[in-house]
Amino acid sequence: MPLDRLSFQGLRNLEALDMQPSSSINVIVGENGSGKTSLLEGIHILGMGRSFRTQQLRHAIHHGGDSVTLHGRLAGDPPVPLGVRRHRTQGELEMRMAGERVARVSELVEALPLQLINPDAFRLLEGAPASRREFFDWGVFHVKHDFLDAWKRTRRALKHRNALLRHDRIDEQSIGVWEHEFAHWGNRLDALRDDYMAAFLPVFEETLAELLPLPDLTLRYYRGWDRQRDLAEVLAQGRATDRQMGFTQQGPQRADLRIRVERRPAVEVLSRGQQKLVVSAMKLAQGRLLEMATGRTCLYLIDDLPAELDARHRRIFCRWLEHMGCQAFITSVDQEALAGLWQAETTVAMFHVKQGRLATYGTKDFTTE
């Protein structure tokens, strides 16, 4: 369900705003530092319970303000209001949905599936494995209902095993119990990830072929330990080495996506523009698979879409968004860079941010002839 209302107060340099976005394409233009990215950040916090710009949410509060309050409304019958509030002096994020207090961030994530395409998205190619695990675990969470439980149980067992590894003397019985628990839930988590990746790969390959044909690019799932060996066996045989290191070296916590071009890491081969199209194809493919599996659409936050993309690839990218029928919030410094990229039947709502103030331009003609 798309957002049909947004109301933010106390967010960075943005003045209090109340906007009614289009259920399709929303273009936000403005100079650097005007507050465009802050608007995307607010939506991200509303749907993810955290910022993509800072690990400390209090830093997103307007200078001199006491709190940040973000409200949104999911269209539907009836509509579903969402809200989060963070006080500067309190560490807990207050979350509400449909008028009720929400205890877990996962409830917000499930209600508002969103994908972010911004400079940080390049971490999918050049960053640590944790970024890629977070990426595909987002997809598994949304299409596999028992994922969250398996993920939590795996993390709990890993935490206990690591704690025992750091003891002066290992309690063989206790570590055996937690290794059994870790192996059981780790195998379950791996199976869910593996099933998801089997469904994801053909969708990604189709999406990438339209954005940027790269027949030599491969994307493979690595589960975190030797596929030919049982996890319980790996843990038992690696216990002495793990004890020396002080942590568990193999398991689903080491899972990764290996993205290569002719057996070389893609980040070493592709240009910056090509990298952006590859990570965009990954994000768009997740949204497409979400709709195929659940019938729900994904909301996209795209910061500075024109950056690193020529006019032809900007047009192809925008056509994919149209084809998917999703809601998107797109920022750009240059209004003209997004003109003429949309088909005539696409409704494009345009907003302008200047010195923290949001102005509605209404529906502009960004369509092709």
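The values are calculated or read from the model by the stated rules, or taken from the named source; none is laboratory data. Quick caveat, the model's predicted, so the values are computed rather than measured. Counting neighbours? That spans all protein chains shown, and the Cβs are built from the backbone with ideal geometry, glycine included. These area figures cover heavy atoms from the full protein model, side chains too; ligands, DNA and RNA do not enter into them. Shrake-Rupley method; radii C 1.70, N 1.55, O 1.52, S 1.80 Å.
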**Asked** In the stretch 276-295, how many residues are open to solvent by less than 10 Å² (accessible area, probe 1.4 Å) and out of contact with any Lys or Arg (no Cβ under 8 Å at 6 or more places or on another chain)?
**Response** 10
**Complete:** Over the stretch 109-147, the set of residues without any contact (Cβ under 8 Å) to a residue 12 or more places away in the chain and either open to solvent by less than 40 Å² (accessible area, probe 1.4 Å) or not charged (D, E, K, R) (or both) is 127, 128, 130, 131, 145
**Request:** Could you list, in sequence order, all residues of the stretch 49-71 that are closer than 13 Å to residue 85 by Cα, hydrophobic (A, V, I, L, M, F, W, C) and either surrounded by fewer than 17 Cβ atoms within 10 Å (Cβ to Cβ) or within 21 Å of the chain's Cα centre (by Cα) (or both)?
**Result:** 57, 60, 70
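Return yes when residue 17 is at pLDDT 90 or above, aliphatic (A, V, I, L, M), within 15 Å of residue 303 (Cβ to Cβ) and open to solvent by 10 Å² or more (accessible area, probe 1.4 Å) and no when it is not.
Criteria not met by residue 17.
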**Asked** Is it the case that the stretch 206-223 has a residue that's in contact with a Phe, Trp or Tyr (Cβ under 9 Å, 6 or more places away or on another chain) and of a type in the set (A, V, I, L, M)?
**Response** yes
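Here is a yes/no grid of residues against (1) in a helix (DSSP H, G or I); (2) surrounded by fewer than 16 Cβ atoms within 10 Å (Cβ to Cβ); (3) among the hydroxyl-bearing types (Ser, Thr, Tyr); (4) at pLDDT below 95:
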position: 187; (1), (2), (3), (4): yes, no, no, no
position: 190; (1), (2), (3), (4): yes, no, no, no
position: 193; (1), (2), (3), (4): yes, no, no, no
position: 197; (1), (2), (3), (4): yes, no, no, no
position: 202; (1), (2), (3), (4): yes, yes, no, no
position: 214; (1), (2), (3), (4): no, no, no, yes
position: 226; (1), (2), (3), (4): no, yes, no, yes
position: 236; (1), (2), (3), (4): yes, yes, no, yes
**Request:** Would you mind stating whether residue 106 is surrounded by 16 or more Cβ atoms within 10 Å (Cβ to Cβ) and not acidic (Asp, Glu)?
**Result:** no
**Request:** Would you check if residue 253 is within 28 Å of residue 150 (Cα to Cα), open to solvent by less than 70 Å² (accessible area, probe 1.4 Å), among the polar types (S, T, N, Q) and assigned to a helix (DSSP H, G or I)?
**Result:** yes
**Message:** On the basis of being over 30 Å from residue 261 (Cα atoms), assigned to a helix (DSSP H, G or I), under 20 Å from the mean Cα position of the chain (by Cα) and not β-branched (Val, Ile, Thr), does residue 159 make the cut?
**Reply:** no
**Asked** Residues of the stretch 298-321 being open to solvent by less than 40 Å² (accessible area, probe 1.4 Å) and either within 21 Å of residue 45 (Cβ to Cβ) or touching a strand residue (DSSP E or B) at 6+ places or on another chain (Cβ under 8 Å) (or both), which ones?
**Response** 298, 299, 300, 301, 302, 303, 305, 306, 318, 321
